[in-house]
Amino acid sequence: MASGTSDIAIIGGGVVGLSTALGLLRSGRQVTVFDGADMDLRASQGNFGLVWLQGKGADFAPYAEWTRDAVAAWPDFAGGLKDLTGTDVALDQSGGFEFFTDSEEFSDFAAALGRQQAVLGNRFSHEIVSGDDLRRSHPGIGPDVVGASFCPLDGHVNPLRLLQVLRCAVLGAGGRLVTDAHVVDVQASGGGFDLTLRDATRVTAERIVLCAGLGTSALAGKLGFRTRVRPQRGELLITEKLAERLPFLSSTIRQVDEGGVQIGGTKADAGPDDSETLEVMAGLARHAVQVFPALADVRVVRAWGALRVMSPDGYPVYARSRLHPDAHLVTCHSGVTLAPLHATALADWINGSVDAPNLEAFDENRFALSDAA
Amino acid sequence: MKIASRFLTPPEPAATIQLTLDGEPVTARAGDTVAAALLAHSGDASRLTARGAPRTAFCMMGVCFDCLVEVDGRPNCQGCMVQVRDGMVLRRQRGPRKLMGGAQDA
Amino acid sequence: MHELDLIIIGAGPAGMTAAATAAKHGARVLLLDEQRRSGGQIYRDVGETDSARPYLGKDYAAGRALVAALNAPGIDIEVDATVWRVDAGPRVIWSRGGKSHVTRARHVLLASGAQERPTPFPGWTLPGVMPAGAAQILMKTSGLLPRDAVLAGSGPLIYLIAAQMIDAGARPRALVETQSPRMLLRAARHLPRALLATPTLLKGLGLIAKIRAAGITRHIGATGFSAEKTENGDILFSFTAKGHRHQIATPLLLTHQGVVPSTHISRAAGVAHEWNEAQQAFQAKTDPWGRTDVHGIHVAGDGAGIGGADAAKAAGRLAALDILHRLGRLTEDARNQTAAADRAAHRRAMAIRPFLDAAYAPLPEILAPEGDTIVCRCEEITAADIHASLKEGAKGPRQVKTATRAGMGPCQGRMCDLTVRGILANCGATPATPRARSPIKPVKLGELAALTSHKETSP
């Protein structure tokens with residue numbers, strides 16, 4: 001690509017970067033998205049596709065509120081994407097379960113939902129269901145399930161289609177997408193920024209938004225940010241397609257709209273290694289069979305590992321650089337759930353609009369104490 | 001319309017077994033794979049894809065998964081990797097498998 | 001219970017010779033194969049088929065000795081055994097009869113062989129269109145003979161199958177060959193080297209002479225394949241040759257564009273692979289002993305590059321000798337001395353490949369199809385779908401896969417990886433080796449769940 005100038009440069013072409021780009025494009029800005037290489041680590045290509053509220057922000061009210069707003073904004077967001085691209089992201093918000101086979105974990109989670117309820121008040125609702133009640137309402141749930149929580153606001157989308165649709169929407173809204181563009185350096189210069197790509201191409205931009213997922217840490221320091229992210233591995237299985245629909249959605253077992261059943265939800269610190277491991281695969285299968293024993297007969301056709309993008313406290317970071325106020329950093333591990341807000345309110349915040357939300361709670365200055373310690 | 005097998009019946013003498021395909025009796029050679037038996041029986045599709053396209057066994061070596069068939073109530077079996085057995089109940093699948101196996105909707 | 005020295009995956013020419021060689025020097029070997037019997041695809045069921053099928057020929061019958069040699073102390077054979085994961089360590093996870101086993105050994109040899117190159121063109125998914133090699137497998141395993149079939153494509157296997165069909169009394173309707181006189185001319189510069197493999201060349205010429213003598217119609221330089229279904233269920237096969245469009249109705253269209261390495265198992269095991277431009281395929285990277293970059297894992301035979309059965313036999317022995325040396329059962333000198341004859345045999349067998357690769361190269365339109373032609377048979381994804389994903393910014397195999405679902409079905413890309421690669425290359429990309437992951441064959445959740453309390457076995 002020839003060198004060029006752009007109003008706003010977004011580093012990162014995953015769900016977070018593209019949602020943010022879409023919002024800025026809608027506000028009339030000229031936006032270029034720099035997307036990495038095919039084999040880069042991409043949470044957007046390996047995630048579970050949940051649009052999920054229960055359990056989010058039980059101990060951090062701003063995150064509970066932010067997530068609640070995002071979940072509420074999803075129907076309009078999905079509709080808008082369909083209008084723009086003609087493609088349906090298969091949004092289903094008919095409620096979701098969290099299943100438990102361990103009583104202690106069950107009661108701990110129920111307590112967390114109680115705190116979330118206290119924060120959100122009538123903007124949230126959930127049920128705690130005993131194993132026996134669950135088996136009465138949902139025949140086929142296994143005897144090892146001691147109970148479940150249910151939140152009627154939870155749902156899911158097809159995450160790969162969301163990524164594809166966001167790309168098309170950004171292109172359709174007049175955004176530029178530079179692919180295979182690994183940004184190796186970024187420097188502030190004369191009121192703007194100079195970006196250097198791996199192929200030595202130089203690009204300038206007036207504003208910059210760093211949405212680079214696990215690539216964030218490498219560039220954050222150059223822009224004066226203190227945020228560093230770490231990978232957290234999740235492993236996933238997907239089965240052959242089924243003709244009928246599973247009678248439930250859960251945070252660990254969901255049926256994608258194409259018919260396969262996806263199983264996930266594991267967490268491991270394995271550095272940059274996104275392998276699928278025998279022990280975790282077996283554990284995921286065991287969980288699925290415990291929850292819904294009929295799944296024992298269904299074949300796994302693929303397994304994979306993917307790396308979540310985790311900030312030090314796990315909550316999103318929306319930060320404006322102290323050194324370079326036209327540089328922004330956006331990172332979170334719930335890029336799917338939060339996408340509708342990234343495509344609206346976050347863009348307002350980046351633009352400095354008067355009606356932008358107050359995102360002070362998500363600033364990176366909350367890490368200053370731990371950094372100093 | 002019934003489509004004749006695209007293969008010639010082997011001239012060699014062989015023991016046979018009886019199985020059923022969608023309820024119809026079929027004579028097959030003992031020792032054959034399910035996929036071979038179906039190809040010997042008929043030139044017609046042995047399953048329909050999720051989009052309704054007809055398919056028959058293709059690679060015959062376990063690679064392509066086009067020979068998927070319901071064997072004795074177990075859906076999505078690779079016909080080229082399973083041997084026929086006397087009394088075997090085969091059903092052609094139309095679209096994706098069902099969770100509980102069993103007969104497909106016609 | 002003694003520790004296993006070696007697990008060999010694949011009981012074809014490479015795996016069988018490796019097993020026999022290793023056991024002869026006292027190693028304890030477990031040989032796993034997914035099929036019902038040892039032999040690999042080339043010698044499918046050779047131990048079962050007796051003189052009732054003489055039309056399969058002497059080369060096929062020669063496999064009987066390899067199968068017989070497996071009946072030796074130190075070799076355990078597990079058939080119907082589907083390996084679905086190989087870990088460094090090494091350990092092998094394999095399934096049989098609905099139960100998975102985790103077996104450890106000091107070394108693992110991957111001898112996964114080859115599969116036919118997928119040949120996408122309009123109509124290739126219709127009942128009545130099959131790979132020629134698949135029809136040959138039916139001849140070997142069931143005695144089923146193709147009825148009034150058309151053989152279309154190119155490569156030595158097409159001539160062999162045509163000759164076997166003639167000898168069996170099931171003459172092909174026609175041969176529609178994709179190699180052009182120009183391709184043969186270009187290949188001619190490799191002939192001096194190919195003379196090292198004169199017997200193979202002569203065999204090939206003999207097959208062609210047999211086809212000619214039988215009066216089978218041959219079309220040369222054919223392109224533009226397409227298949228449609230006729231009213232009676234036959235295939236109406238169309239192609240262009242010598243500037244004219246031809247149509248042949250046939251019950252069975254058998255296509256072939258050569259064979260390619262089966263690499264899912266080696267890729268999923270983390271072994272480095274490379275692109276073989278002459279063979280238009282990915283292959284495991286090995287040293288001359290079959291060693292890979294993953295400790296404890298060797299690859300021998302067609303999985304490390306197509307060479308055919310004779311090359312695979314030599315490669316299997318070479319890998320076994322190196323493993324025996326690593327086990328302390330052969331000194332370096334003894335390994336090298338014993339290997340000399342196998343190295344020479346391997347060189348001889350490989351001498352003809354450059355000629356064959358050039359003369360019978362697959363058609364560009366098969367490597368990179370366009371329009372409504374199905375690329376991914378499992379997910380029913382077309383070439384146009386792949387092209388659309390490239391327009392939307394996909395740059396490599398992973399983005400194409402996630403954008404289109406090509407390769408996400410039960411075959412896990414075995415039928416479309418190379419076509420996606422061909423389309424990417426045709427559009428100016430330099431595609432990386434696509435990643436493969438376990439389970440490389442589907443495995444039931446219940447079976448996988450049972451492994452949470454697995455015990456490693458060492459039979």
message: Give the B-A buried accessible area in Å², both sides summed, 1.4 Å probe, nearest 100.
response: 900
query: Rounded to the nearest 0.05, what FRET efficiency do A:HIS138 and A:ALA61 have when you use their Cβ-Cβ distance and R0 = 35 Å?
result: 0.60
task: For segment A:258-293 and segment A:104-145, write down the distance between their C-alpha centroids in whole Å.
output: 22
Summed buried accessible surface, chains A and C, 1.4 Å probe, nearest 100 Å²: 3500
message: Would any residue of segment A:249-281 have its amide N under 20 Å from a label point 7 Å out along Cα→Cβ of B:ALA50? List them or say none.
response: A:249-250, A:253-264
message: Could you tell me how far the Cα centroid of segment C:75-109 sits from the Cα centroid of segment A:298-373, in Å?
response: 45
query: What is the Cα radius of gyration of segment C:1-110 over 2.2 N^0.38 Å, N being its residue count?
result: 1.09
message: Suppose accessible area is computed on protein heavy atoms with a 1.4 Å probe; arrange A:THR227, A:THR196 from highest to lowest.
response: A:THR196, A:THR227
field: Under Karplus coefficients 6.51, -1.76 and 1.60, residue-wise ³J(HN,Hα) of segment A:82-88 in Hz, glycine/proline x
entry: 5, 4, 6, 10, x, 10, 8
- line: Residues whose built amide H sits under 5 Å from the amide H of C:ALA152, excluding neighbours closer than 5 in sequence, are C:VAL176, C:LEU254, C:THR255, C:HIS256
task: With everything on Cα atoms, drop me the angle between helix A:15-26 and the longest principal axis of chain A, reported from 0 to 90° to the nearest 10.
output: 50
- request: Starting from the Cα-Cα distance between C:LYS242 and C:THR430, subtract it from 0.36 nm times their residue separation and give me the gain in nm to one decimal.
  value: 64.3 nm
query: What's the average, rounded to a whole number, of partner chain beta-carbon atoms within 10 Å of each residue's beta-carbon in B:29-39?
result: 4
statement: Residue by residue through segment A:144-159, the couplings from Karplus 6.51 cos²θ - 1.76 cosθ + 1.60 with θ = phi - 60°, in Hz, x for Gly and Pro, are 6, 6, 8, x, 8, 10, 9, 10, x, 8, 7, x, 7, 10, 7, x
- prompt: Taking the DSSP beta bridges in chain A as the whole, what percent of them are antiparallel, to the nearest 5?
  reply: 70
Antiparallel bridge percentage (DSSP; both residues within chain C; nearest 5): 50
- prompt: For C:LEU196 and C:ALA334, what does the FRET efficiency come to when R0 = 25 Å and r is the distance between their Cβ atoms, rounded to the nearest 0.05?
  reply: 0.40
task: Using a 1.4 Å probe over the heavy atoms of the protein chains, calculate the carbon and sulfur portion of the accessible area of segment A:34-178 as a whole percent.
output: 50
query: Going 7 Å from the Cα of C:ASP293 toward and past its Cβ, which residues in segment A:243-273 have a backbone nitrogen under 19 Å from where you end up?
result: A:272-273
query: How many times 2.2 N^0.38 Å is the alpha carbon radius of gyration of segment C:368-453?
result: 1.21
In Hz, Karplus ³J(HN,Hα) per residue of segment B:44-49 (6.51, -1.76, 1.60; θ = phi - 60°; x = Gly, Pro): 7, 4, 9, 6, 10, 6
- prompt: Relative contact order for chain A using alpha-carbon pairs under 8 Å, separation at least 6, rounded to a whole percent?
  reply: 24
- line: Most packed first (mean Cβ within 10 Å per residue), the peptides C:16-26, A:293-303, A:11-21, C:277-287 order as A:11-21, C:16-26, A:293-303, C:277-287
- prompt: In segment B:17-93, carbon and sulfur make up what percent of the accessible area (probe 1.4 Å)?
  reply: 50
field: Gap separating the Cα centres of segment C:384-445 and segment C:1-67, nearest whole Å
entry: 33
statement: Helix A:278-291: inclination vs chain A longest Cα principal axis, degrees, rounded to 10, gives 50
statement: Taking every residue of C:130-142, the Cβ atoms of other protein chains inside 10 Å of its Cβ average out to 6
statement: With Rh as the Kirkwood radius over Cα pairs, chain A has Rg/Rh of 0.97
message: Can you return the aspartates and glutamates within cross-link range of C:LYS210? Criterion is Cα-Cα under 12 Å, with same-chain partners fewer than 8 residues away left out.
response: C:ASP167
- prompt: Suppose R0 equals 30 Å; then what is the FRET efficiency for A:ASP7 and C:ALA384 from their Cβ-Cβ distance, rounded to the nearest 0.05?
  reply: 0.30
task: Take the alpha carbon gyration tensor of segment C:118-257, find the square roots of its eigenvalues, order them as a ≥ b ≥ c, and report rounded if a/c is under 1.5; if not, report prolate when a/b exceeds b/c, else oblate.
output: oblate
- prompt: Which percent, nearest 5, of DSSP beta bridges in the protein assembly as shown are antiparallel?
  reply: 65
task: Would you mind checking which residues have amide H under 5 Å from B:LEU68's amide H? H placed 1.01 Å from N; only 5 or more apart, or other chain.
output: B:GLY79
- prompt: Any idea of the accessible area per residue across segment C:368-453, 1.4 Å probe, to the nearest Å²?
  reply: 31
- line: A correct Kirkwood calculation over the Cα atoms of the protein assembly as shown returns a hydrodynamic radius in Å of 29.8
- request: Filter the cross-link list A:LYS241/C:LYS395; C:LYS24/C:LYS313; B:LYS2/C:LYS229; A:LYS241/C:LYS444 down to pairs whose alpha-carbon distance in this structure exceeds 18 Å.
  value: A:LYS241/C:LYS395
- prompt: Whose amide H sits under 5 Å from the amide H of A:VAL301, counting only residues 5 or more places off or on another chain, with H placed in the peptide plane?
  reply: A:ILE238, A:THR239, A:GLU240
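The values are calculated or read from the model by the stated rules, or taken from the named source; none is laboratory data. Owing to the predicted nature of the structure, the values given are computational and were not obtained by experimental measurement. Cβ coordinates were reconstructed from backbone atoms using ideal geometry, including for glycine residues, and neighbour counts include every protein chain displayed. We work out accessible area using only protein heavy atoms, side chains counted, and drop any ligands, DNA or RNA first. Shrake-Rupley method; radii C 1.70, N 1.55, O 1.52, S 1.80 Å.
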